[in-house]
Amino acid sequence: MAWFRKKKELEKEMGKREHVSLSQGQMIWRAFRKHRLGNIGMVIVLILVVSAVFAEFVAPYSYADQYNSYSFSPPSKLHSRSDDGFSLRPFVYKTTRQFDRVTYTPTFVVDTSTKYYIRLFVRGAEYKMLGLFKTNVHLFGARSADGDEAMIFLLGADGYGRDLFTRTMIGGRISLAVGPLVILIIFPIAIVLGGISGYYGGGIDMFLQRFGEVFMAIPGLPILLVMGAALSGFGFPATIVFMGIIAALAIVSWAGMARIIRGQFLAIRQMDFVAAAKAAGSSDIRIILRHITPNITSYLIVAATLTIPGMMLTEAALSFLGYGIHEPMTSWGQLLNAATNISGIEEHPWLLIPGIFIVVAVLAFNFLGDALRDAVDPFTII
Amino acid sequence: MLPLLILVSIISFGLIQVMPGDYLTRAKMNPQITQKTLNQMMARYGLDKPFHVQYWLWFKQIITKGDFGTSFETMRPVYWTLFMGDRFMWTIIIASTTMLLTWLIAIPLGIYSATHQYKPSDHTLTFFGFLGLSVPNFFFALVVLWVLVAIFKVGNYGLGVGGLFDNRFIGAPWSTAKFWNLLWHIWPAWLVIGTSGMAGLLRYMRGSLLDTLSLQYVQTARAKGLNERVVIYKHAVRNAINPLVSMLGMSLPGLVSGSLVTAIVLNLPTVERAFFSALQAQDTYVIMGGLLFFSLFLLVGNLLADILLAWVDPRIRYG
């Protein structure tokens, strides 16, 4: 999908290549740099990963802190204009919840007397940066001129008065970690089993393929729901459930990956360098791991990048239905679990915002994977 | 296929056994179930026996009597709980109409995309295809509901969202009004389930047609002065569409699991929803029945894909 490659650029590139010889990695990188959507995808993925790693710093509060008097507070409005003119530094006003005397519906009354400016690197709740050292510096917060603090809910608050922005940042950690963790489990299995299957062929291939087919015949989402229900029924702590979900996703998806890798091995085992390695007396396992696997590395990276979005979507769906990630842990899908009924969404539409993060992240991974695929293999059109 | 189904059933059965909090304790709390029926069921399914005995009792009922067990919630047979009340019919209707619409829209768009390769319209189509692929079904369904209810205030016009009919039409005889009401309720399902499958189809059609267009016989057709329309639709598209036929079968199971979440959010009366309710109630035999049904759907889909592919492409031979 070299859509964005202009003809002239291509010619220039061709001209260059006569003089400079590039390594395979450099060529792939060059081809990748030309893919505009892929680059945007990469930048977005990087931003999301960095903000997930430094989530406690980026987020103004602790993700479990409940500010009960701010239950269902709508997103704070950032102002830059007031009666005394324009302010370059945006500010928020303090809000207090009041109940309607007749209907008892809560409304948030804005108090415009004091301006609370958005300040960077303010001190707040204590946390452990990267799990290493304690600090209480947060990226931003709202403070008045005399240091008084006001709550700032960039994306609003949930029913317990917890800041949705903070929870989205922390939840991104889980959502982003699920895909890579599953891949970490299924790739070794898929490479070894797919490799043996494709390299030896014959009876063992037959057996492994039939074995894999059993797993492929199990309908993915329904069985994951059953596994999730089994996991949550035991009342395990959230971290165990999280690991269980990862294992469940791996069980459901390894067979498909093994079959793809088998196909690659089938194609490569015919090549001369494999025959040469055999002639030189390499053992079979050495040929599989040291000769053939490096040759499909770029392919594996692409496959990994394109597997991540699927895993993210599945985890999100599971958590949304209540059979995935559990409180006190949170993920983007789990946050949407609060937005299940329509009357709730109608009154608190900001509860839907974590879903936008899912869409953006999945889209970014798809673009990234797509661009990588084109860069690795310029001959495929799809 | 049958051995596969049996293996799947053993795995699923084992999984459900692992699930804590069994139906027996639930059934004991239910005053409508007498101790006598409880004992009967205990004996019939060997509920106090170890796993393999239970599995064998359940399995024997299926092969000898075609009995998939009884639902502990409804105290009716499993197939009734899963399929009756038109659930099966609605599942098939929703799946097939969604598929039909996806194909009717994606194929022309794919052809357009391929014939306008690298043009802005091609890029736009691909972008929206990817967007459809990246939006989680449940989130899209929620957003559609929110837009309808909060932005367009459809409630003010006496229109409901979710389900397949407004309350006043449930149980009413078929009429034009009821049909329009059905259409009003079903289009969000089409939109949500359809968009996720659209992108793949569009991209495959585009890629396949681009491959075909670069073949020599297309060049020959152009060289002999054929109209470009004839070249594309009579020569290229006919061949380019062949590999896609296998996607027809492959997309069947995808439709079912894709519509699972959608059916739950949009409250559609389908088999998937019945399965989810059974899961919430820990209704073992209904869950088992559902899993087997979905597996069967998957296997039939794959078989259909193979058969269709061999049918449209005589070069492919099996066995």
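Laboratory data are not the source of any read-out in this text; all were calculated from the coordinates shown. A quick note: this is a predicted structure, and the numbers were derived from the prediction, not measured. So basically every Cβ, Gly included, is an ideal-geometry build from the backbone, and we count neighbours across all protein chains shown.
When the charge dipole of the protein assembly as shown is built from unit charges on Cβ atoms (+1 for Lys and Arg, -1 for Asp and Glu) and taken about the Cα centre, the candidate among B:G289, B:F127, A:L78 whose Cα reaches farthest toward its positive end is B:F127.
Scoring B:289-299, A:56-66, B:46-56 by mean Cβ neighbours within 10 Å over their residues and listing the highest first yields B:289-299, A:56-66, B:46-56. Listed by Cβ neighbour count within 10 Å, with the fewest neighbours leading, A:S298, B:S214 appear as B:S214, A:S298. Ordering A:T330, A:A267, A:I240 by Cα displacement along the dipole of the range A:240-382 toward the positive end leaves A:A267 in first place; charges were set at the Cβ atoms of Lys, Arg (+1) and Asp, Glu (-1). When A:K128, B:K119 are sorted by how many other C-beta atoms sit within 10 angstrom of their C-beta, beginning with the fewest, the order is A:K128, B:K119. For the range A:278-314, backbone nitrogen atoms closer than 17 Å to the point 7 Å from A:F207 Cα along Cα-to-C-beta are found at A:285. Over all other residues within a Cβ to Cβ distance under 15 Å of A:G324, the charged ones net out to -1, with Lys and Arg as +1 and Asp and Glu as -1. Exposure proxy for A:M27, A:M169, B:M99: other Cβ atoms within 10 Å of each Cβ, ordered fewest to most, give A:M27, B:M99, A:M169.
Each of A:M169, A:V102, A:G195 was scored by the projection of its Cα onto the charge dipole of chain A, and the greatest displacement toward the positive side belongs to A:G195; charges sit on the C-beta of Lys, Arg, Asp and Glu. Taking the C-alpha atoms only, the angle from helix A:297-320 to the longest principal axis of chain A is near 40 degrees.
The residues packed around A:V92, meaning those with a beta-carbon under 14 Å from its beta-carbon, carry a net charge of +3 if Lys and Arg are +1 and Asp and Glu are -1.
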